[in-house]
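Heads up, the thing below is written out as structure tokens.
The values are calculated or read from the model by the stated rules, or taken from the named source; none is laboratory data. Here the structure is a predicted model, which is why all the values come from computation and not from measurement. When we count neighbours, we look across all protein chains shown, and the Cβ atoms used for this are built from the backbone with ideal geometry, even at glycine. Note: accessible area is taken over every heavy atom of the protein model, side chains too, but ligands, DNA and RNA are not part of it. Shrake-Rupley method; radii C 1.70, N 1.55, O 1.52, S 1.80 Å.
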Amino acid sequence: DGGITQSPKYLFRKEGQNVTLSCEQNLNHDAMYWYRQDPGQGLRLIYYSQIVNDFQKGDIAEGYSVSREKKESFPLTVTSAQKNPTAFYLCASSNPADTQYFGPGTRLTVL
Amino acid sequence: DAKTTQPTSMDCAEGRAANLPCNHSTISGNEYVYWYRQIHSQGPQYIIHGLKNNETNEMASLIITEDRKSSTLILPHATLRDTAVYYCIVEDDNDYKLSFGAGTTVTVRA
């Protein structure tokens, strides 16, 4: 996870609140990704961005939003429209057609 | 529609080699085999990847069969810190995502 930081490590929110998860990378990678992991499951892609000011929906984008205003930053907002937001959220980055490297993750719990 | 099949779990003795199998019988010519591992409550860690040839780095070796339908990840001298879930992933360079299955839970025992 060197070069990719995610904050905070643990996050709690009340139902009905939006919350933004931070992801920053200093690897000069063009592409960034957000994945969600539920207990005992593999990772599922939420959104990805291959270049600044552009992003695409992944497999489970409903209830989430992103922005890519800077190359090094790709914040994820979990909105109140996400029905089951409690999960482990992982950010990754890569150069085009190259290996993805992951951050340490943020564990979100909805109270 | 998983592209890979891995055993659910396996145990390994500390100091011995751990051989992790992966079947990918439908792999296409431009798809790579990637291995990641995930230690509990951490982000996945890249281990190694290959296309056709066997590969080795400081962490592990990757042996790919000649027909490319299966591969084996080898951890040469397993330590307790190698206890993790290991994911075998098949993707081509143009894929925008990594498709993680359930992986193999490897437990290294003293």
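Say R0 is 41 Å: what FRET efficiency, to the nearest 0.05, do B:Thr8 and A:Phe12 get from their beta-carbon distance? Once the sixth-power term is evaluated, E becomes 0.80. Rolling a 1.4 angstrom probe over the protein assembly as shown with all protein chains present gives an accessible area of which 47% lies on carbon and sulfur atoms.
Residues of segment B:70-98 that lose at least 40 Å² of accessible area (1.4 Å probe, protein heavy atoms only) when the other protein chains are present, relative to their chain alone, are B:Asp93, B:Tyr96, B:Lys97, B:Leu98. For the options B:Asn54, B:Asn94, B:Asn19, a Gaussian network treatment of chain B with springs between C-alpha atoms closer than 10 Å singles out B:Asn94 as fluctuating the most.
Excluding ligands, DNA and RNA, the accessible surface per residue across chain B is 52 Å² with a 1.4 Å probe. Each label point was placed 7 Å from the Cα along the Cα-to-Cβ direction; for A:Thr79 and A:Arg107 their separation is 2.8 nm.
Under 20 Å of direct C-alpha separation, and excluding same-chain neighbours fewer than eight residues apart, A:Lys57 reaches these lysines: A:Lys70, A:Lys71, A:Lys83, B:Lys97. Measuring heavy-atom accessible area with a 1.4 angstrom probe and counting protein chains only, the residues of segment A:70-111 that give up at least 20 Å² relative to the chain alone are A:Phe88, A:Ala97, A:Thr99, A:Gln100, A:Tyr101, A:Phe102, A:Arg107.
Per-residue mean of foreign Cβ neighbours for A:43-56 is 2 (Cβ atoms of other chains, 10 Å radius). Backbone amide hydrogens, once placed in the peptide plane, bring B:Phe100 within less than 5 Å of A:Leu43, excluding anything fewer than 5 places away on its chain.
Can you tell me the FRET efficiency between B:Arg16 and B:Asn94 if r is taken as the Cβ-Cβ distance and R0 is 35 Å, rounded to the nearest 0.05? Display every interim value, and only then the final one.
Details: r = 38 Å, r/R0 = 1.10.
So, using R0 = 35 Å, E works out to roughly 0.35.
Overall shape: oblate for segment B:66-105, with the ratio a/c of the largest to smallest alpha carbon gyration tensor axis at 1.5 or above and b/c at least equal to a/b. Segment B:53-110 and segment A:1-38 have their alpha-carbon centroids 25 Å apart.
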